[in-house]
Amino acid sequence: MSSSASTRAAGVAQPAISYKARIRLYQLALLIGLFLFWGITTHYGILPSFFFGEPIPVLQQVFDWFSGTAIYMHLGITLLETLLAFVIGAVLAMIVGLWLGLNDLASAVADPYIKAMNAMPRVILAPIFAVWFGLGIWSKVALGITLVFFIVFFNVYQGVREVSPTLVANARMLGASRKQLIRSVYLPSATSWVFSSLHTSVGMAFVGAVVGEYLGSARGMGYLIHQAEGVFDINTVLAGILVLTIFALILDGLVTLVESKLHGWRPVADHSGH
Amino acid sequence: MSSSASTRAAGVAQPAISYKARIRLYQLALLIGLFLFWGITTHYGILPSFFFGEPIPVLQQVFDWFSGTAIYMHLGITLLETLLAFVIGAVLAMIVGLWLGLNDLASAVADPYIKAMNAMPRVILAPIFAVWFGLGIWSKVALGITLVFFIVFFNVYQGVREVSPTLVANARMLGASRKQLIRSVYLPSATSWVFSSLHTSVGMAFVGAVVGEYLGSARGMGYLIHQAEGVFDINTVLAGILVLTIFALILDGLVTLVESKLHGWRPVADHSGH
Amino acid sequence: ESNLEQTKVSIAVGGKTLFYYLPLTIAEQKGFFKEEGLEVEISDLSGGSKALQALVGGSADVVSGSYEHTISMQAKGQDIVAFVVEGNAPGIVLGVAKNKADKITSAKDLKGLNIGVTAPGSSTHMYVKTLLVKAGLSPDDISAIGVGAGAGAVAALEHGEVDAVANLDPVIAKLEADDAIKVMYDTRTKAGVDEVYGGDYHAAVLYTKASYLHDNPHTSQALANAIVHALKWMASATPEEIVNTVPEAYYGGDKALYTAALKANLGSYSKTGEFSKEATEHVLAVLKAFDEKVQKATIDLSKTYDDQFAKAAQSAVK
Amino acid sequence: MPAVVKDHLSLVRSQQGAASSAVSLKSITCSFSTPKGGTYTAVKDICLDVGEAEFVSVVGPTGCGKSTILNSIAGLLQPTSGTVEVFGKPLQGINRDAGYMFQADALMPWRTAYDNVVAGLQFRGTEPEEMKHLGHQWLDRVGLGRFADRYPHQMSGGMRKRVAMAQMLILNPKIILMDEPFSALDVQTRQLMENELLALWSANRRSAVFITHDLEEAIAMSDRVVVLSAGPASHIMAEFEITLSRPRDVAEIRMTPEFLDLHHQIWATMRDEVMKGYQQSQQG
Amino acid sequence: MPAVVKDHLSLVRSQQGAASSAVSLKSITCSFSTPKGGTYTAVKDICLDVGEAEFVSVVGPTGCGKSTILNSIAGLLQPTSGTVEVFGKPLQGINRDAGYMFQADALMPWRTAYDNVVAGLQFRGTEPEEMKHLGHQWLDRVGLGRFADRYPHQMSGGMRKRVAMAQMLILNPKIILMDEPFSALDVQTRQLMENELLALWSANRRSAVFITHDLEEAIAMSDRVVVLSAGPASHIMAEFEITLSRPRDVAEIRMTPEFLDLHHQIWATMRDEVMKGYQQSQQG
Ligand SMILES: Nc1ncnc2c1ncn2[C@@H]1O[C@H](COP(=O)(O)OP(=O)(O)OP(=O)(O)O)[C@@H](O)[C@H]1O
Ligand SMILES: Nc1ncnc2c1ncn2[C@@H]1O[C@H](COP(=O)(O)OP(=O)(O)OP(=O)(O)O)[C@@H](O)[C@H]1O
Ligand SMILES: [Mg+2]
Ligand SMILES: [Mg+2]
């Protein structure tokens, strides 16, 4: 998302800084507004604080965590699981997606199997992962992979299918080998597809790690959240979610960074209509 | 996925029927192979049947269910939840995706919020949904929507961004109003994006419904699975998953049907390389 | 003491913060495992059945779980053996919503109601079935709704989604504190257990595979020692001392509620960790009534527990 | 006889003619930012008036900024400086009076030839009956009656261009903007289309701005030919009034001596310019 | 003097010449399935031989099947019947000896002009030094030295075409296939490019198949001009040997009487054909 915009004036139009600053301002205003809304509604019991917590204790908890030391271990574990799930899942999905996208017969045969796997409730797989991968990080990574994989896979597959036939024909005439074709045409052409799915799956990788920990673990943010939930400590639950969210945004920011590097050639289109 | 293929011969090449029949044959062979592998490994204890069940009892259970009557109620409920989550989630995502895709400022401001929501572990929301929507179908629908929404949203958003600027300019010159522009250019152009995400999210809608039932309900396939898990009846668990998978494939088939209707204009590209 | 076969032990538990498993936490927090030369890692899973699966699958060595599992696993051909008792009362409470309490006074009145259990097929579900059968009803006369053992359960009752709940602390404590339920059957106390089961009943135990006990007798002994140590300490400690021992996360800011709940549960813990034949038979009777697999199987109760470790622990732990 | 109107003169024209002109570019400049972060000025200080019912052709070396100018007139591109006036009013947003046939392929790939042709009518909510009638009539006019149900990817380059032309002309726009419409057509089809366009244009006082690389076409069709200099900062180098009598037949007119004379003049003007641009670019 | 070689004669040529010809189409037919489920035969029984070092232009009414034929030679489209031979061997898959400049835009949008030009060299694993040298040399040759770092969407239509031409020619293919390469260029730039191409072609015995709508261009460049009939089932209607002496300057040659004579002949042949196609399509 994001991407700068402004009306499609030829050339060096309005100063872009003010536009960006305005966005940050609105975001900040929205954030403060949300916190105020949250604080007021829970304070006056319009929303039950039993379920929604209250902003001050939540922030207090976050602060306490980071003044202490224990949180770093938990957070580190969760981040590690997330990163592994994200990277392994995305890479696997790209390989399989490319392969099936370029292989009509294989994709036609595999089609129902992949869809079936995607429709399987992953939570049910958790015990099996525990058997295979133990109760350590790898069973959580596996759960995350099952979430990340399908999202990226379907987009890579479709992205490959959408590549302009003329571009492919041209590259082949220029002597590109199959590998070069993939590297120089299919992959760049599918980048928007891939990145769109990467944005979705950053979140999913976190969900996988946390839910995995939630279902069984000895540490990690999901473990903390699970424990707090067991004793109705909703403020700690929300503090955990808040911390996770911030890190998800950071990871997503990294994805965006890579994206803008790889995708810098794009024309800045104007969709706002005059 | 799927889509017919064959080498890009000009005109009326090989009989397409034999190709399709071949695919079905391979699929069947794969299916039988998988079942055999499953049966043999669990029978000889290579895979523990405690976790992996055994094919015959699983199929027996499915058969028993469908000879009885109770299953129809459970299945009906789950399908209803899935459908509602899928339709509502997808429609909402399309509306929001279109709106933000066409609105630079709003999308820049909303960006971190949407990503944050996507990164939130949904399972934790389940109790809150139970409070808001009760323990009936609507809390499961809500959970499903949170899964479906983001997958579709990110793709619609990106799909709208990817529309060819020339096409938009042309339609505007032809006098298209904003609404007509959306209907006649943005939506058709984003179809492949939308359908790619719909395929992913059919599965997710099922996951939402089943996990929702799993977390609290009195009926539905998730309830049956959960109950069986509680007494370590893995065969029933797998039978439930099998039934769900078949229905997920049916629903996905419907999506593909609509897709091929809307998307019939596509050239049949040849990606297999000679 | 380097006669331990292994010093690193992984223990799985389904809901570590539950009062049901409190002796485990005490043993961990007071360092009783360390005293025995053990380094335990306690993995918290989302339910007792998940903990059992972790054991069967080999990712956990020992489970802190319900004694029932050893019986139902024998019916499925798995040799699971309990070797030290943590609690002798399941701690399950059946409470009805306050606003309906005047109409529902005994198990008979439950007919046709929605009753929240932690999960369909779970021990809370079985508990409700037991009560129904005792009252001359059929288990199918109610609809059991899985509401979990967390905030969802509280919400379900308080919002009228269910008319009654069979649940554990802290759900019950929270509902009592909110004045939302009237307790009808309470197995947190000896009296309550006797009323429902007609005598002693083994609840939380440490169990493991028979082969593990066989291969790791010293390690198993050390585990039993630590638990018995914890039980003895708990028997002599004040509730406040116990509360101060558990991690802060257990009471999540509401210490008073936790203390109140603890007091209600103190009677449920075993004093010695030892088994009694009678208690195991009561458990079997319940399972026989509702678990098809157990019904069909012939169960040899003596193979479901091994009392020697707990017995030996009495002398080891002063 | 043709007259070469020099730069300052055209400026005068644009100031006088504002009231009765369909399009009036008032000293527009269009710049783009370049990859290296600088700016590239494509066209600079362009003043151009297109009268009502006037047919103006724009020629110039490739990459000089012809499409850029057309985009400004269409309202798709806002000039960095200067203003565009349409029928005396400053242009805000899209130019609703203009029809624009793009240089690039702009057909909707998911619509058949027929559906593409009637797209504009649909947007206006034309009656189905009338739409059907007009749609098929226009497909016939561009010689594609048999290809109504083909999708763009099933048509040849030239066929797509003709669909695009019908799509634009079916709306009967007051100002016709065309960017190299006929370059993908063979000579004969091209002449058919040129005559078709001329007939339409003269039938009810349209204005037209027409970009082409074919000087003969430019002369045969136009009232005036505008020659742009090579970029960057391209400007109007010369204008030629074409006084050949109307109605014209584009095929026959090419043999007249006036035509050949004009052709020669414009050709000479452009040649130097192209060489200049080519050499410049090779130094860069 | 030009000679009109009729259908059966060209068939004879193709049979004899097989050994020494670079490309030989043996009675190829290409059909497509239509939306209504029928088949549309674009070209039928085409026999064409392109000798080594021969420059053949193909002209014909729009939509007759010129691009289809080029696709078959490139190996991108498998004819429904008939075979394509390249240097005497039946073509299997892609034609590795050919360079193909497409009618449609085929530049990689994520590569700059320079990166597009050197794409083929990269695929072959050329040394970076040499690649850089050749890349810039070719950008200069097509007059885009200053635009090396522009992305396709930042270039004009004509500039993109020139990049595509450099991209193809930099590889020095034995067989040059070009589909209307110069139609987006102004007359002068076009002539520069034409001369550039002729120089390259004659330097080391290339073969070329060249599609154009500009008869003058076809005649000025070629050894032979092949005229296709209007579709459907388009066939080779006539072939014209161009015996004008080489080396030629494409600008000057146009004024010679032989040239005008040839032009007139081909023009007449095509005119009838186009009218026929146009009328046919209007009945449909
Ligand atoms: N988005 C852009 N960014 C940078 N430069 C641009 C952009 N669009 C156009 N240009 C430059 O502006 C100049 C004029 O482009 P324009 O498309 O108007 O040329 P043209 O006269 O239509 O050429 P042609 O006859 O080849 O179509 C070119 O040098 C081109 O590179
Ligand atoms: N995929 C396809 N499906 C159906 N018909 C097609 C397909 N591709 C080409 N055709 C038809 O084949 C015929 C020849 O097309 P082709 O592109 O070869 O023409 P062309 O001679 O190159 O025309 P132009 O000069 O306009 O580029 C056209 O009538 C076109 O509609
Ligand atoms: Mg242009
Ligand atoms: Mg063509």
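The values are calculated or read from the model by the stated rules, or taken from the named source; none is laboratory data. A quick note: this is a predicted structure, and the numbers were derived from the prediction, not measured. FYI the Cβ positions are ideal-geometry reconstructions off the backbone, even for glycines, and counts take in every protein chain you see. Areas reflect the complete protein model, heavy atoms only, side chains present, ligands, DNA and RNA absent. Shrake-Rupley method; radii C 1.70, N 1.55, O 1.52, S 1.80 Å.
Assorted remarks:
- Packing here is the average count of other Cβ atoms within 10 Å per residue, and on that basis the peptides C:152-163, C:183-194, highest first, run C:152-163, C:183-194.
- Mean-square fluctuations from a GNM of chain D, with a 10 angstrom spring cutoff on Cα atoms, peak among D:R190, D:R111, D:R206 at D:R111.
- Excluding same-chain neighbours fewer than eight residues apart, the lysines reachable from A:K115 by a Cα-Cα span under 30 Å are A:K140, A:K179, B:K20, B:K115, B:K140, B:K261, C:K50.
- Most mobile listed residue (A:L79, A:L59, A:L34) in chain A, GNM with C-alpha springs under 10 Å: A:L34
- Intensity falloff of chain B expressed as log10 I(q)/I(0), Debye formula with alpha-carbon point scatterers, at q = 0.12, 0.15 Å⁻¹: -0.94, -1.20
- Label point 7 Å beyond Cα of C:A316 along Cβ direction - residues of segment C:76-116 with amide nitrogen under 18 Å: C:81-87
- For segment C:177-261, the gyration tensor built on C-alpha atoms gives an oblate shape. Its axis ratio a/c (a ≥ b ≥ c) is at least 1.5, and a/b is not larger than b/c.
- Flagged links, alpha-carbon separation over 19 Å, of C:K108/C:K182; C:K8/C:K76; C:K8/C:K209: C:K8/C:K76
- Reach of C:K255 by Cα under 16 Å, taken over lysines that are not fewer than 8 positions away in the same chain: C:K174, C:K263
- Length gained on full extension, A:W132 to A:Y113, computed as 0.36 nm times the residue gap minus the Cα-Cα distance: 4.7 nm.
- Exposure check, 1.4 Å probe, all protein chains in place: C:S143 carries approximately 40 Å² of accessible surface.
- Minimum Cβ-to-axis distance in chain E for the rotation onto chain D, with residue, whole Å: E:S183, 2
- Only helices enter this figure: runs of n ≥ 4 DSSP H residues, each worth -39500 (n - 2.57), summed and divided by the residues of chain C, yield -12000 deg cm²/dmol at 222 nm to the nearest 500.
- Entry note, chain A: the mean residue ellipticity at 222 nm calculated from DSSP H runs of n ≥ 4, each adding -39500 (n - 2.57), is -25500 deg cm²/dmol after division by the residues and rounding to the nearest 500.
- Solvent-accessible area of C:K277, all protein chains in place: 130 Å² (probe radius 1.4 Å, heavy atoms, ligands and nucleic acids excluded).
- Across the identical copies, how the A:K179 labels are spaced - nm, sorted shortest first, 7 Å along Cα→Cβ: 5.5
- Most to least packed among C:130-138, E:58-66 [average Cβ atoms within 10 Å]: E:58-66, C:130-138
- Across peptide D:147-155, the average count of Cβ atoms from other chains found within 10 Å of a residue's Cβ is 4.
- When peptides C:203-214, C:24-35 are sorted by average Cβ neighbour count within 10 Å, with the highest value leading, the order is C:203-214, C:24-35.
- Label point distance in nm, C:Q295-C:Q29, each placed 7 Å from Cα along Cα→Cβ: 4.3 nm
- Rounded tilt (10° steps) of A:16-43 against the dominant C-alpha axis of chain A: 40 degrees
- The mean number of Cβ atoms from other chains found within 10 Å of a Cβ in peptide B:229-242 is 5, as a whole number.
- Counting only DSSP beta bridges whose two residues both lie in the protein assembly as shown, roughly 55 percent are antiparallel.
- Think of each Lys and Arg Cβ as +1 and each Asp and Glu Cβ as -1; about the Cα centre, that makes the dipole of the protein assembly as shown roughly 1440 debye.
- Taking Cα atoms only, the orientation of helix B:55-67 departs from the longest principal axis of chain B by about 80 degrees.
- Area accessible to solvent at E:I253, 1.4 Å probe radius, in Å²: 20 Å²
- At 7 Å out from Cα toward Cβ: B:S67 inter-copy label distances (nm, ascending): 6.8
- Accessible area that becomes buried as B packs against A, both chains, 1.4 Å probe, Å², nearest 100: 7500 Å²
- Label geometry 7 Å along the beta-carbon vector: A:R24 inter-copy distances in nm: 6.2
- With a simple spin-label model that places each label point 7 Å from the Cα along the Cα-to-Cβ direction, the separation between A:T41 and B:V87 comes to 2.8 nm.
- Computed helical MRE - 222 nm, chain E, DSSP H runs ≥ 4 contributing -39500 (n - 2.57), nearest 500: -12000 deg cm²/dmol
- Each of A:D64, D:D179 has its accessible area taken with a 1.4 Å probe; listed largest first, they run A:D64, D:D179.
- Residue mean of other protein chain beta carbons inside 10 Å, A:21-32: 3
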